[in-house]
1. On a full-extension model of 0.36 nm per residue, what is the gain between Val59 and Lys20, subtracting their alpha-carbon distance, rounded to one decimal in nm?
2. I'd like the accessible area for Glu68: 1.4 Å probe, protein heavy atoms, all chains in place, Å² to the nearest 10.
3. Treating each Cα of the chain as an identical point scatterer and ignoring solvent, apply the Debye formula and state log10 I(q)/I(0) at q = 0.14 Å⁻¹.
4. Residues with amide H under 5 Å of Glu9's amide H, sequence separation 5 or more or different chain, H placed in the peptide plane at 1.01 Å from N; which?
5. What is the Cα centroid distance between the stretch 28-45 and the stretch 130-175, reported in whole angstrom?
6. Order of 37-43, 19-25 by packing, highest average Cβ count within 10 Å first?
7. For the stretch 50-107 and the stretch 184-251, compute the distance between their C-alpha centroids and round to whole Å.
8. Using only Cα atoms, what is the ratio of the radius of gyration of the stretch 104-251 to 2.2 N^0.38 Å?
Amino acid sequence: MKPIKFRMETDDTYTMVFSKKTDSHAGQFYMLSVDGVGESPISVASGFCNPLTFSIKAVGSVTRYIMEHRDAEIGLRGPYGNVWPWKGSDHIVAIAGGIGIPPIKALIEDMESEGNLHDLTVLYGARSPRDIVYRNEIEAWKKKLDFRVTVDSGDSSWNGHVGVVTTLIPGVDEFRKGRAFVIGPPIMMKFSVQELLKNGFSPENIYLSLERRMECGIGVCGHCNLGQWYVCESGPIFRYSDVMNEPELFL
């Protein structure tokens with residue numbers, strides 16, 4: 001299948017939209033493949049019944065090939081995995097670092113479809129203003145929900161918050177009885193969890209997306225093994241209290 005839309009978000013991150021409507025929900029993933037190149041697990045960036053969308057950072061052979069050959073035929077296998085458990089919570093604080101924002105885009109669309117955006121706060125951190133993904137969408141989201149953005153390092157054009165994304169967490173401690181969803185680089189997730197705990201969130205109400213560990217997507221290669229689990233089969237979403245004692249959690 002070929003995408004019907006292709007947009008560069010940053011110098012190395014792009015968004016593809018397909019004509020197929022997604023039958024997946026926020027938190028799940030597909031395996032994207034290119035014949036003769038390989039296959040890679042990619043999180044869904046669109047809510048249920050919206051056009052199937054992926055936003056991808058070109059960091060491996062498959063993702064780089066797709067960026068350089070925009071008319072390539074792409075194999076789609078999925079959806080796989082579990083979903084963000086947003087239903088039944090008083091409030092959701094979603095924390096995304098870098099390319100962790102696409103599954104939060106899907107979360108926004110899923111929650112919006114049921115009129116629950118007032119129950120969502122998003123904290124999004126990027127390295128610099130030029131690394132921000134979904135610039136246009138963010139401006140629209142800010143009119144609909146509590147969406148806060150920070151950059152590690154600003155420039156002359158940046159008038160927003162400067163600092164790593166964890167510096168935004170003390171500002172949401174009023175929602176500490178709700179659930180926190182965390183996705184991003186391992187070190188960012190590690191310190192986000194520490195800050196959430198410090199601000200009164202319980203381990204049972206913190207959820208992590210561990211998708212970065214996956215490779216085959218179907219529990220065959222063993223690459224995503226974490227204690228008693230294969231992340232691709234039991235996740236990628238895990239309750240922190242279930243995995244907090246795993247020594248390889250944030251490696």
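The values are calculated or read from the model by the stated rules, or taken from the named source; none is laboratory data. Worth saying up front: this structure is predicted, and the values here are computed from it rather than measured. Note that each Cβ is placed from the backbone with ideal geometry, even for glycine, and that neighbours are counted across all protein chains shown. Side chains included, ligands, DNA and RNA excluded: accessible areas come from the protein's heavy atoms. Shrake-Rupley method; radii C 1.70, N 1.55, O 1.52, S 1.80 Å.
1. 11.5 nm
2. It works out to around 120 Å².
3. Normalising to I(0) and taking log10 leaves -0.93.
4. Tyr14, Thr15
5. The stretch 28-45 and the stretch 130-175 have Cα centres spaced 29 Å from each other.
6. The densest-packed peptide leads the list: 37-43, 19-25.
7. About 17 Å separates the Cα centre of the stretch 50-107 from the one of the stretch 184-251.
8. 1.10
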